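This report refers to the structure that appears directly beneath it.
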Amino acid sequence: MDDARAVDGSSPVEGPFDRPDWDTAARVVRLLEVVQQFAVLEFDEEAPVGDTGDDLDALSAGINMLGEELEGWNQTFHERVAQQTAELNASVEQLQRFNEQIRKLTEMSNRLQIASDTDEALDTLGRFAPEIFVGASGAIYTTTPARQQVEVAATWGPQGGQLPTTISWDDCSALRYGQMREGHGHDSARCEHRAPHAPGHTQCVPLVVRGETIGLLSLHEDTGTSDPGEPRPVASHGANERLALAASEQFGLAVTNLELRNELHAQSIRDALTGLYNRRYLDEVLARELARADRTGASVSVLMLDIDHFKSFNDTYGHAAGDHVLAEIAAVLQDSTRTEDVACRYGGEEFTVIMAGLGQSQAVERAEQLRERIARHDFSWNEQPLGHLTTSIGVATSPEHARTTDQLLSAADAALYRAKADGRDRVQPAT
């Protein structure tokens, strides 16, 4: 069909869908597509910019500039998110590690509470230290009897073998001042026993029990630099210092409780005046020894000893002098018996000695030696000589005379009664 023409025969009138309009619409659509891609943070394509310099080209150029800024902001945002995620993961990992260290510290504390002596407590601290102080080398030292130095008891970590085996009291400010000392490289706060320019961070924590230093906990973290201003590893963040203080406090508390427990136990089984075992401990040990002898066929002998005329002595010199004599006789008993013998204060002026493994004749011979030694002993009180005292001793043996605790003690007591009845100052075997 022919193109439509004007009535006057001029050029045809442009319709609403001629080509220039189509080009403009296409450019607008393309701009919208690019804007939509930028909106979803996709920056692979740009808005087309022509050479006409019209408003659409200017708009396209502006949209592209905005896209570049959005892309830069998006990249920066992702980098920050990645960095913060890494820091968060590191913090979570550090927290998990710290929780594990706390768990080990708690387990060590529980083990310390059931330690039987100080040596076992030190051994427990040495076994748990590598798991508590992660990333650090260290050593545990114990104080020598002269208190002039400490000696290494346990080491761990790659630097543990390089730590000194002994440390003089004067070379460790932690020992001198009784509190933790820490330093880095050639820091003036470092203890003198550390090499002056050795890299790393050190802590020295004294192990104090009831005000007395009995050892030292020494830690070393290798930071690879001796510069005190250099930052320390992120994994540390002072955790080892807090753990070291907590471990030393737990150790001190455990040993203090251990000593108190031992004191209470000693008080429960020891006679306060003489230091010998008491009647309660006598019954316990004698029952155990008789049960063992019953299994092995061995003998157990009991000496029952009484000071002759002790009431008259007290009436003459007073009870204070009498108590002093009881303590001296107790010392003679301890010096005159074997390590495996058990000397007890039975009550009043009576003493008992359990001699496991000795038959009747051997026990009688030992009792005679004991009687003679006491008779030769020079007693005195407040620089006043008290002369000599004699003793009567009854001896009974299991299984010859009895098989139970009460029967054996009764047999020894009966023999003692006969020794007194026959004139005192003698040893009487049971019959």
* Asked: Where in region 301-393 are there strands (runs of 3 or more DSSP E), lying fully within it, with 1 or more residues that are modelled with pLDDT of 95 or more and either surrounded by 18 or more Cβ atoms within 10 Å (Cβ to Cβ) or on the phi > 0 side of the Ramachandran plot (or both)?
  -> 342-347, 350-356
* Structure fact -> Here the residues within region 45-60 that are open to solvent by 40 Å² or more (accessible area, probe 1.4 Å) and either over 18 Å from VAL29 (Cβ atoms) or not in a loop (DSSP other than H, G, I, E, B) (or both) are ASP51, GLY53, ASP55, ALA58, LEU59
* For ARG403, which of the numbered conditions (1) in a loop (DSSP other than H, G, I, E, B); (2) closer than 25 Å to GLY322 by Cβ; (3) touching a residue at least 40 places away in the same chain (Cβ under 8 Å) fails to hold? -> (2)
* Structure fact -> Condition set exposed (fewer than 13 other Cβ atoms within 10 Å of the Cβ) and hydrophobic (A, V, I, L, M, F, W, C), scope region 252-270, selection nearest to LEU408 (Cα to Cα): answer is ALA266
* **Hits in region 155-172 (condition: surrounded by fewer than 18 Cβ atoms within 10 Å (Cβ to Cβ) and of a type in the set (Gly, Ala, Ser))** => GLY161, SER168
* Quick one: ALA287 ticks every box in (1) surrounded by fewer than 20 Cβ atoms within 10 Å (Cβ to Cβ); (2) over 44 Å from the mean Cα position of the chain (by Cα) bar one, so which box is it? -> (2)
* Structure fact -> LEU273: passes all of (1) outside any helix (DSSP H, G or I); (2) open to solvent by less than 60 Å² (accessible area, probe 1.4 Å) but (2)
* Structure fact -> GLN83 vs (1) within 40 Å of the chain's Cα centre (by Cα); (2) surrounded by 12 or more Cβ atoms within 10 Å (Cβ to Cβ): all pass except (2)
* Could you identify the single residue in ALA343, ALA266, ALA287 that is more than 30 Å from PRO385 (Cα to Cα) and in contact with a helix residue (DSSP H, G or I) (Cβ under 6 Å, 6 or more places away or on another chain)? => ALA287
* Asked: So, in region 407-425, of the ones that are farther than 13 Å from LEU303 by Cβ and not small (Gly, Ala, Ser), which residue ends up most open to solvent (accessible area, probe 1.4 Å)?
  -> TYR417
* **Some residue of region 230-249 being of a type outside the set (A, V, I, L, M), buried (at least 21 other Cβ atoms within 10 Å of the Cβ) and at pLDDT 85 or above** => no
* Count of region 123-154 residues which are in contact with a strand residue (DSSP E or B) (Cβ under 7 Å, 6 or more places away or on another chain), under 17 Å from LEU175 (Cβ atoms), open to solvent by 20 Å² or more (accessible area, probe 1.4 Å) and hydrophobic (A, V, I, L, M, F, W, C) -> 2
* **Given (1) more than 30 Å from VAL29 (Cα to Cα); (2) in contact with a Phe, Trp or Tyr (Cβ under 9 Å, 6 or more places away or on another chain); (3) not acidic (Asp, Glu), index of the condition ILE63 fails** => (1)
* Only one of (1) at pLDDT 85 or above; (2) part of a helix (DSSP H, G or I); (3) open to solvent by 10 Å² or more (accessible area, probe 1.4 Å) is not met by THR213, so which one is it? -> (2)
* Restricting the first residue to region 258-276 and requiring it to be on the phi > 0 side of the Ramachandran plot, which pairs with a second residue that is crowded, with 17+ Cβ neighbours inside 10 Å and of a type outside the set (Ser, Thr, Tyr) meet a Cβ separation below 7 Å and a spacing of at least six or different chains? -> GLY275/ALA330
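The values are calculated or read from the model by the stated rules, or taken from the named source; none is laboratory data. Because the structure is a prediction, the values reported are computed rather than measured. Glycine gets a Cβ as well: all are built from the backbone with ideal geometry, and neighbour counts include every protein chain shown. Calculation scope for accessible area: heavy atoms of the full protein, side chains included, ligands and nucleic acids excluded. Shrake-Rupley method; radii C 1.70, N 1.55, O 1.52, S 1.80 Å.
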